Amino acid sequence: MSDKIDVQRRNFFGTAAMTLATAQFALAGTSQAGLTNLTAAADADLNRTKSGSLPAIKPGTNTAFSALKQIDAGLLNVGYVETGPTNGPAVLLLHGWPYDIYSFVDVAPLLAGSGYRVIIPYLRGYGSTRFLSPTSFRNGQPSAIALDMIALLDALRIEKAVVAGFDWGARTANIMAALWPERCKAMVSVSGYLIGSQQAGKMPLPPKAELQWWYQFYFATERGQLGYDKYRREFSRLIWQLASPKWNFDDATFERSASAFDNPDHVAIVIHNYRWRQALADGEARYEDIEAKLAQGPAIAVPTITMEGDANGAPHPEPAAYAKKFSGKYEHRTISGGIGHNLPQEAPRAFAGAIIDVDGEA
C-alpha cells in the first residue's frame, strides 16, 4: 500500500488504524522535523507566542452572539455571525457535527478584540442556512460544503481568510486550503488532516476501529435515518458526551446549539454525508473533478497549526500520522486539561491563540 493511500485511510477512519500507520512511518524512517508538539493546559500561559496578550477566559463566559445575518451565496442563503472590525483581517470559523456556531461563542470576542473580522456561518443543514431552490439535492459531500464556503467568501467580498475549524469544519478547511490556497491565508485544523475519499471509505478496519464509527453504520440503515430524525437532541447529546467525556456542559449550553438541528434539511444532509463517505450514496457529477483531486490526498502548503485535545473521545488520527501532509510552515499543539472533541468551545483561548499565531506566520 502506498503512503498516499495509507494516509487517506488513517485520517478517515480513526485511532486503531493510526497505530499501524505510525509504525509504518517509523519503519520508513520518516522525519518529524517541522512537527512541534506543544502540550499545555487549556488556560496555560501563552506569553511565549504572538497570542500572549489574549485575556484569560473561562469557557462558557459568553452565551450569545450579535444579530444573525443572512446572505445569498452559491446554492444557499447562509446564516452567519459577523463580529470585529469590518476592515480587519478575515477569519472563517467552521463548526462540525453535531455542533453549530456556538462552538465559537467564546472564541469570537477574543479574535474580534484582537482586530479580526470574524465570520461564523451555519453549514448547509444547520441553523438558519437554507437552500435557495427547493429542488436542490440535499448533498452532504465534503467537497460541496467546501464550495459553499468559497461562495460565502465571494459573497462577502473576502479575497483571503484564515480558515479554522473542527470535525466537519476541519475537513472543510483542509479541502479549501488544499484546492484553493489562494483563498486561505493560513489554517487551524483540529485533528489534523481529514481529507478522505469514497474508495478509502470502503476499506474494512480492525474491530476496535469499526466500533468507534458505530453511528455511521446506524446511519446507513433506514432505521438509523428515522431514529436520528426522531431523536435529534438525544442523539446529539450522546455524541457530545462520548466525544468530550470530561466536558461538563450544562443543559442551556446544549440547547443553544440543539436548535440548529431543527433545520428542515439537517437530517438529509447528515445522513447523506455519512452514507457518501462509505460509498453507500451517490454524489453529484458537478463535484467529480474535485473528488478526484481529493482522492489523491493533496498536501497543504498554507501555514498551519493542527490541534488536539488530550481527552478527545471521537475517532481521530495521531499527529505523527499526518505530519507529512503539511508542506508549509507547520506546528502541532496538544491541549491538555481534559479537552475533548469540541476544542474551540472547551478551550477557546488556546484555539483563538492558535489562529493569531498561525496568522503571524502567513
Selection from region 239-263 of residues that are touching a Gly at 6+ places or on another chain (Cβ under 6 Å), part of a helix (DSSP H, G or I) and under 18 Å from ARG124 (Cα atoms): ALA260
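Is it the case, given these coordinates, that ALA164 is in contact with a strand residue (DSSP E or B) (Cβ under 6 Å, 6 or more places away or on another chain) and within 27 Å of LYS329 (Cα to Cα)? Let's see the steps before the verdict.
Numbers: in contact with a strand residue (DSSP E or B) (Cβ under 6 Å, 6 or more places away or on another chain): yes; within 27 Å of LYS329 (Cα to Cα): yes.
So ALA164 fits the description; yes.
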Taking region 256-287 on its own, how many of its residues are open to solvent by less than 30 Å² (accessible area, probe 1.4 Å) and acidic (Asp, Glu)? 1
Scanning region 288-344 for residues that are surrounded by fewer than 19 Cβ atoms within 10 Å (Cβ to Cβ) and at positive phi gives GLY337, GLY338
In region 103-123, how many residues are over 19 Å from GLY52 (Cα atoms), more than 14 Å from the chain's Cα centre (by Cα) and outside any strand (DSSP E or B)? 1
With under 19 Å from LEU194 (Cα atoms), among the charged types (D, E, K, R) and modelled with pLDDT of 95 or more as the only criterion, which of ARG237, ARG256, ARG233, ARG275 stands out? ARG275
Of everything in region 183-218, what is within 24 Å of GLU255 (Cβ to Cβ) and under 20 Å from the mean Cα position of the chain (by Cα)? Give them in sequence order. VAL190, TYR215
Could you tell me which residue of region 127-151 is least open to solvent (accessible area, probe 1.4 Å), considering only residues that are among the small types (Gly, Ala, Ser) and not in a helix (DSSP H, G or I)? GLY140
Return the total of residues in region 62-82 being of a type outside the set (A, V, I, L, M, F, W, C), closer than 23 Å to VAL107 by Cα and either out of contact with any Lys or Arg (no Cβ under 8 Å at 6 or more places or on another chain) or in a loop (DSSP other than H, G, I, E, B) (or both). 5
Among the residues that make up region 60-73, is at least one of them closer than 30 Å to GLN212 by Cα, more than 19 Å from the chain's Cα centre (by Cα), at pLDDT 95 or above and open to solvent by 20 Å² or more (accessible area, probe 1.4 Å)? yes
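Criterion first (in a strand (DSSP E or B) and hydrophobic (A, V, I, L, M, F, W, C)) does MET187 satisfy it? Steps first, answer last, please.
Values: in a strand (DSSP E or B): yes; hydrophobic (A, V, I, L, M, F, W, C): yes.
Taking the combined requirement at face value, the residue satisfies it.
Please work out if THR135 is free of Cβ contacts under 8 Å to residues at least 40 places away in the same chain and of a type in the set (Val, Ile, Thr).
Values: free of Cβ contacts under 8 Å to residues at least 40 places away in the same chain: yes; of a type in the set (Val, Ile, Thr): yes.
So THR135 passes the test.
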Pairs, first of a type in the set (A, V, I, L, M, F, W, C) in region 59-70, second open to solvent by 60 Å² or more (accessible area, probe 1.4 Å), C-beta under 9 Å, six or more apart: ALA64/ARG256
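Of everything in region 167-221, what is among the charged types (D, E, K, R), at negative phi and surrounded by 19 or more Cβ atoms within 10 Å (Cβ to Cβ)? Give them in sequence order. Lay out the reasoning, then the answer.
Initially, region 167-221 is screened for residues among the charged types (D, E, K, R), giving 167, 171, 182-183, 185, 202, 208, 210.
Going one step further and asking which of them are at negative phi, we end up with 171, 182-183, 185, 202, 208, 210.
Hits for region 167-221 are ARG171, ARG183, LYS185.
Does ILE290 count as over 19 Å from TYR126 (Cβ atoms), touching a helix residue (DSSP H, G or I) at 6+ places or on another chain (Cβ under 6 Å) and aliphatic (A, V, I, L, M)? Spell out the reasoning first.
Details: over 19 Å from TYR126 (Cβ atoms): yes; touching a helix residue (DSSP H, G or I) at 6+ places or on another chain (Cβ under 6 Å): yes; aliphatic (A, V, I, L, M): yes.
When the stated conditions are applied, ILE290 passes them.
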Note on PRO98: of the conditions (1) more than 17 Å from the chain's Cα centre (by Cα); (2) within 15 Å of THR253 (Cα to Cα), unmet is (1)
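The values are calculated or read from the model by the stated rules, or taken from the named source; none is laboratory data. Bear in mind that the values here come from a model prediction, so they are computed numbers and not experimental data. As a convention, Cβ positions derive from the backbone with ideal geometry for all residues, glycine included, and neighbour counts pool all protein chains shown. Ligands, DNA and RNA are excluded from the accessible area calculation, which covers all protein heavy atoms including side chains. Shrake-Rupley method; radii C 1.70, N 1.55, O 1.52, S 1.80 Å.
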